[in-house]
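Trainee: Submitted below is the structure of interest, expressed as C-alpha coordinates.
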Amino acid sequence: MTYELINPPLPFEFTALSKQELKQYYNWFLDVMPVRIKLLEEAVRAEGHPGWVADLSPESLVDLGDWFSNQVAVRPRTPEELKAIQDNLAFPMEVPAYDLDNKTVLIAIDVGMYFGATLMKNNDTLQWDQKIGSKKFADYGQPVIVGFGAAILNPVRIATMLAYGIADRSKTGARLAEVYKVWANLAKA
(Lines give C-alpha, C1' and ligand atoms only; values in the text may rest on other atoms or scores of the structure.)
Protein backbone atom coordinates (compact mmCIF):
# COMPACT_ATOMS: atom_id res chain seq x y z
CA MET A 1 0.00 0.00 0.00
CA THR A 2 1.15 3.51 -0.77
CA TYR A 3 0.52 5.91 2.08
CA GLU A 4 -0.94 9.14 0.71
CA LEU A 5 1.02 11.84 2.51
CA ILE A 6 -0.73 14.91 3.83
CA ASN A 7 -0.46 18.05 1.72
CA PRO A 8 -0.74 21.16 3.90
CA PRO A 9 -2.18 24.15 2.03
CA LEU A 10 0.40 26.60 3.38
CA PRO A 11 4.08 26.53 4.34
CA PHE A 12 5.03 25.74 7.94
CA GLU A 13 6.51 29.21 8.48
CA PHE A 14 3.65 30.21 10.77
CA THR A 15 5.11 33.56 11.85
CA ALA A 16 5.30 34.63 8.18
CA LEU A 17 1.60 33.91 7.55
CA SER A 18 -1.17 36.47 7.88
CA LYS A 19 -3.83 35.94 10.54
CA GLN A 20 -6.29 35.09 7.77
CA GLU A 21 -3.88 32.43 6.42
CA LEU A 22 -3.40 31.07 9.93
CA LYS A 23 -7.17 30.72 10.37
CA GLN A 24 -7.32 29.00 6.97
CA TYR A 25 -4.65 26.54 8.09
CA TYR A 26 -6.41 25.89 11.41
CA ASN A 27 -9.75 25.21 9.71
CA TRP A 28 -8.07 22.99 7.12
CA PHE A 29 -6.32 21.03 9.90
CA LEU A 30 -9.57 20.33 11.76
CA ASP A 31 -11.52 19.57 8.57
CA VAL A 32 -8.99 17.11 7.17
CA MET A 33 -8.34 15.30 10.46
CA PRO A 34 -11.01 12.54 10.11
CA VAL A 35 -9.80 11.68 6.61
CA ARG A 36 -6.16 11.68 7.71
CA ILE A 37 -6.96 9.38 10.66
CA LYS A 38 -8.67 6.95 8.27
CA LEU A 39 -5.65 6.98 5.93
CA LEU A 40 -3.36 6.51 8.92
CA GLU A 41 -5.40 3.51 10.02
CA GLU A 42 -5.11 1.95 6.56
CA ALA A 43 -1.34 2.49 6.52
CA VAL A 44 -0.77 1.07 10.01
CA ARG A 45 -2.92 -1.98 9.19
CA ALA A 46 -1.11 -2.55 5.88
CA GLU A 47 2.38 -2.12 7.33
CA GLY A 48 2.78 -4.44 10.29
CA HIS A 49 -0.32 -4.10 12.46
CA PRO A 50 -3.21 -5.70 10.52
CA GLY A 51 -5.57 -5.65 13.51
CA TRP A 52 -5.00 -2.02 14.43
CA VAL A 53 -8.12 0.11 14.71
CA ALA A 54 -8.05 3.89 14.93
CA ASP A 55 -10.58 3.86 17.78
CA LEU A 56 -8.96 6.78 19.64
CA SER A 57 -8.26 4.60 22.66
CA PRO A 58 -5.13 5.23 24.72
CA GLU A 59 -4.16 1.58 24.08
CA SER A 60 -4.15 2.20 20.31
CA LEU A 61 -1.18 4.53 20.77
CA VAL A 62 1.08 1.56 21.59
CA ASP A 63 0.87 0.00 18.13
CA LEU A 64 0.75 3.40 16.46
CA GLY A 65 4.00 4.36 18.19
CA ASP A 66 5.58 1.09 17.11
CA TRP A 67 4.50 1.64 13.51
CA PHE A 68 5.69 5.26 13.58
CA SER A 69 9.11 4.20 14.84
CA ASN A 70 9.53 2.19 11.63
CA GLN A 71 8.61 5.17 9.45
CA VAL A 72 11.14 7.66 10.81
CA ALA A 73 13.92 8.51 8.38
CA VAL A 74 16.51 11.28 8.21
CA ARG A 75 18.40 13.20 5.57
CA PRO A 76 21.76 14.93 5.83
CA ARG A 77 21.70 18.67 6.44
CA THR A 78 23.50 20.79 3.88
CA PRO A 79 26.46 22.90 5.01
CA GLU A 80 24.28 25.97 4.42
CA GLU A 81 21.54 24.60 6.68
CA LEU A 82 24.04 23.82 9.43
CA LYS A 83 25.57 27.30 9.20
CA ALA A 84 22.15 29.00 9.27
CA ILE A 85 21.14 27.05 12.38
CA GLN A 86 24.43 27.74 14.14
CA ASP A 87 24.26 31.44 13.24
CA ASN A 88 20.83 31.71 14.90
CA LEU A 89 21.75 29.96 18.16
CA ALA A 90 21.82 32.13 21.26
CA PHE A 91 24.49 29.85 22.73
CA PRO A 92 26.94 27.63 20.89
CA MET A 93 25.93 23.98 20.78
CA GLU A 94 26.39 21.00 18.55
CA VAL A 95 23.84 20.77 15.76
CA PRO A 96 23.07 17.31 14.40
CA ALA A 97 24.30 16.76 10.86
CA TYR A 98 20.90 15.32 9.93
CA ASP A 99 17.27 16.34 9.99
CA LEU A 100 14.02 14.43 9.62
CA ASP A 101 13.16 13.76 6.00
CA ASN A 102 10.05 15.33 4.50
CA LYS A 103 8.03 12.11 4.60
CA THR A 104 8.67 11.74 8.34
CA VAL A 105 7.60 15.34 8.97
CA LEU A 106 4.36 14.78 7.06
CA ILE A 107 3.62 11.47 8.81
CA ALA A 108 4.23 13.22 12.14
CA ILE A 109 1.34 15.56 11.32
CA ASP A 110 -1.00 12.58 10.99
CA VAL A 111 0.36 10.93 14.14
CA GLY A 112 -0.02 14.23 15.96
CA MET A 113 -3.60 14.60 14.76
CA TYR A 114 -4.40 11.11 16.04
CA PHE A 115 -2.62 11.74 19.34
CA GLY A 116 -4.59 14.97 19.82
CA ALA A 117 -7.90 13.41 18.79
CA THR A 118 -7.28 10.58 21.26
CA LEU A 119 -6.70 13.05 24.09
CA MET A 120 -9.84 14.97 23.11
CA LYS A 121 -12.05 11.88 22.94
CA ASN A 122 -10.97 10.67 26.38
CA ASN A 123 -10.93 14.01 28.21
CA ASP A 124 -14.02 16.17 27.79
CA THR A 125 -12.38 19.25 29.30
CA LEU A 126 -10.05 19.66 26.32
CA GLN A 127 -10.57 21.64 23.14
CA TRP A 128 -8.70 22.68 20.01
CA ASP A 129 -7.47 26.25 19.88
CA GLN A 130 -5.09 28.47 17.96
CA LYS A 131 -2.90 31.09 19.63
CA ILE A 132 -2.21 34.07 17.37
CA GLY A 133 -1.42 36.76 19.93
CA SER A 134 2.37 36.83 20.06
CA LYS A 135 4.71 35.60 17.37
CA LYS A 136 7.18 34.81 20.16
CA PHE A 137 4.94 31.94 21.32
CA ALA A 138 6.60 28.66 20.25
CA ASP A 139 3.36 27.28 18.81
CA TYR A 140 2.15 30.54 17.28
CA GLY A 141 -0.61 29.94 14.75
CA GLN A 142 -0.55 26.16 15.10
CA PRO A 143 -3.47 23.98 16.19
CA VAL A 144 -3.05 23.32 19.91
CA ILE A 145 -5.09 21.72 22.65
CA VAL A 146 -6.08 23.67 25.74
CA GLY A 147 -7.71 22.58 28.98
CA PHE A 148 -4.61 21.54 30.94
CA GLY A 149 -4.60 24.61 33.16
CA ALA A 150 -1.83 26.92 32.03
CA ALA A 151 -0.19 24.25 29.84
CA ILE A 152 -0.86 24.15 26.10
CA LEU A 153 -0.23 21.06 23.98
CA ASN A 154 0.82 21.00 20.35
CA PRO A 155 0.23 17.36 19.38
CA VAL A 156 2.07 17.67 16.08
CA ARG A 157 5.12 18.95 17.97
CA ILE A 158 4.83 15.91 20.28
CA ALA A 159 4.92 13.57 17.28
CA THR A 160 7.76 15.50 15.64
CA MET A 161 9.87 15.48 18.80
CA LEU A 162 9.22 11.76 19.17
CA ALA A 163 10.49 11.31 15.61
CA TYR A 164 13.71 13.13 16.52
CA GLY A 165 14.07 10.89 19.59
CA ILE A 166 13.55 7.78 17.47
CA ALA A 167 16.06 9.08 14.92
CA ASP A 168 18.77 9.59 17.54
CA ARG A 169 17.78 6.34 19.31
CA SER A 170 17.04 8.05 22.62
CA LYS A 171 13.33 7.09 22.38
CA THR A 172 11.21 4.26 21.04
CA GLY A 173 7.69 4.28 19.67
CA ALA A 174 6.46 3.28 23.14
CA ARG A 175 7.06 6.88 24.17
CA LEU A 176 3.87 7.96 22.37
CA ALA A 177 1.63 6.10 24.85
CA GLU A 178 3.79 7.28 27.76
CA VAL A 179 3.43 10.93 26.77
CA TYR A 180 -0.32 10.42 26.39
CA LYS A 181 -0.54 9.32 30.03
CA VAL A 182 1.30 12.44 31.19
CA TRP A 183 -1.03 14.78 29.30
CA ALA A 184 -4.17 12.79 30.21
CA ASN A 185 -3.22 13.16 33.88
CA LEU A 186 -2.73 16.92 33.42
CA ALA A 187 -6.22 17.11 31.90
CA LYS A 188 -7.70 15.51 35.01
CA ALA A 189 -5.82 17.73 37.47
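The values are calculated or read from the model by the stated rules, or taken from the named source; none is laboratory data. Model, not experiment: these values are computed from the prediction. For neighbour counting, all protein chains shown are included, and Cβ atoms are generated from backbone atoms with ideal geometry for every residue, glycine included. Side chains are part of the model used for accessible areas, which takes the heavy atoms of the whole protein and leaves out ligands, DNA and RNA. Shrake-Rupley method; radii C 1.70, N 1.55, O 1.52, S 1.80 Å.
Trainee: Among the listed residues Arg75, Arg45, identify the single one that is of a type in the set (Lys, Arg), surrounded by 12 or more Cβ atoms within 10 Å (Cβ to Cβ) and in contact (Cβ under 8 Å) with a residue 24 or more places away in the chain.
Mentor: Arg75
Trainee: So is Val32 among the aliphatic types (A, V, I, L, M), under 29 Å from Ser134 (Cβ atoms) and in a helix (DSSP H, G or I) or not?
Mentor: yes
Trainee: Please tell me if Gly173 is buried (at least 19 other Cβ atoms within 10 Å of the Cβ) and assigned to a loop (DSSP other than H, G, I, E, B).
Mentor: Yes, satisfied.
Trainee: Among the residues that make up the stretch 86-108, is at least one of them in a helix (DSSP H, G or I), closer than 26 Å to Asp63 by Cα and of a type in the set (D, E, K, R)?
Mentor: Within the stretch 86-108 (the criterion being in a helix (DSSP H, G or I), closer than 26 Å to Asp63 by Cα and of a type in the set (D, E, K, R)), the answer is yes, since at least one residue qualifies.
Trainee: Here's another thing I want to ask about it. Considering only residues that are closer than 24 Å to Asn70 by Cα, touching a residue at least 12 places away in the same chain (Cβ under 8 Å) and loosely packed, with under 13 Cβ neighbours inside 10 Å, which ones fall in the stretch 9-42?
Mentor: Once the filter is applied, which keeps residues that are closer than 24 Å to Asn70 by Cα, touching a residue at least 12 places away in the same chain (Cβ under 8 Å) and loosely packed, with under 13 Cβ neighbours inside 10 Å, the stretch 9-42 yields only Lys38.
Trainee: Under 8 Å between Cβ atoms, which residue pairs at least 6 apart in sequence (or on different chains) link something in the stretch 87-109 that is basic (Lys, Arg) with a partner that is open to solvent by less than 100 Å² (accessible area, probe 1.4 Å)?
Mentor: The qualifying pairs are Lys103/Leu5; Lys103/Gln71; Lys103/Ala73.
Trainee: Taking Gly165 as the residue in question, decide whether it is modelled with pLDDT of 95 or more and not basic (Lys, Arg).
Mentor: yes
Trainee: Scan the stretch 156-169 for residues that are open to solvent by 70 Å² or more (accessible area, probe 1.4 Å), free of Cβ contacts under 8 Å to residues at least 60 places away in the same chain and within 17 Å of Gln71 (Cβ to Cβ) and jot them down.
Mentor: Those that are open to solvent by 70 Å² or more (accessible area, probe 1.4 Å), free of Cβ contacts under 8 Å to residues at least 60 places away in the same chain and within 17 Å of Gln71 (Cβ to Cβ): Met161, Arg169.
Trainee: Of the residues that sit in the stretch 140-155 and are assigned to a strand (DSSP E or B) and within 23 Å of Pro8 (Cα to Cα), which one is most open to solvent (accessible area, probe 1.4 Å)?
Mentor: Ile152
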